[in-house]
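Just below is one structure, and these are the notes that go with it.
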């Protein structure tokens, strides 16, 4: 399958969302000048470039159905469109600046130092809730999730080592290990970049 460049993905936003809506008569908000509207389109291209063609088509229908103005032909606010997009397709970690910056911060490194499961629980929370956890969330949810994941991984690894693991347990461990590697790359992006550059 062909890997799309960022330019190609932005072009897909034009083809699947912006141009069809403009062709239908979608108009700029009255407070926007022409140059403001062009900046609005550029923002949409940049923020929605992660979406698939199918997701963009669903979003197009949502934007059309939520058009504003007396004639229901004015673009909704940027933030509304972005939030609808997230509900259709979650932003991948690599394009979610909040997740990449927070996981690479001191908070992410501290969680990893406590144990990879803590950083994995933190990552899962950020994906689900779209914000960093507070101390209550850590105490009442994330610590429990991390401890449970640690116990389960130790149990399944022991079964694998003994040759007694079921197929679903091996699959669980594969998913756990993949998530752990992914989170480590988020916590230590510089180390992973330098390793990639050495190859």
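Computed from the coordinates by the stated procedures, all read-outs in this text should not be read as laboratory data. Model, not experiment: these values are computed from the prediction. FYI the Cβ positions are ideal-geometry reconstructions off the backbone, even for glycines, and counts take in every protein chain you see.
A few remarks follow.
- Between 0 and 90°, nearest 10: helix 143-161 axis offset from the chain longest Cα axis: 60
- Degrees between helix 116-129 axis and first principal axis of the chain (Cα, 0 to 90, nearest 10): 20
- With 0.36 nm allotted per residue and the present C-alpha distance subtracted, the residue 78-residue 22 stretch has 18.6 nm of extension available.
- Largest GNM mean-square fluctuation among 136, 102, 188, using the chain with Cα springs under 10 Å: 136.
- Computed from the C-beta positions of residue 8 and residue 86 and an R0 of 30 Å, the FRET efficiency is 0.90 to the nearest 0.05.
- Efficiency of FRET between residue 54 and residue 34 - r from beta-carbon atoms, R0 30 angstrom, step 0.05: 0.45
- Distance in nm between pseudo-label sites at residue 129 and residue 109 (7 Å out along the Cβ direction from Cα): 2.3
- Helix axis angle, 78-88 relative to the chain longest principal axis, alpha carbon, degrees: 50
- Value of [θ]222 nm, deg cm²/dmol, for the chain, DSSP H segments ≥ 4, -39500 (n - 2.57) each, nearest 500: -21000 deg cm²/dmol
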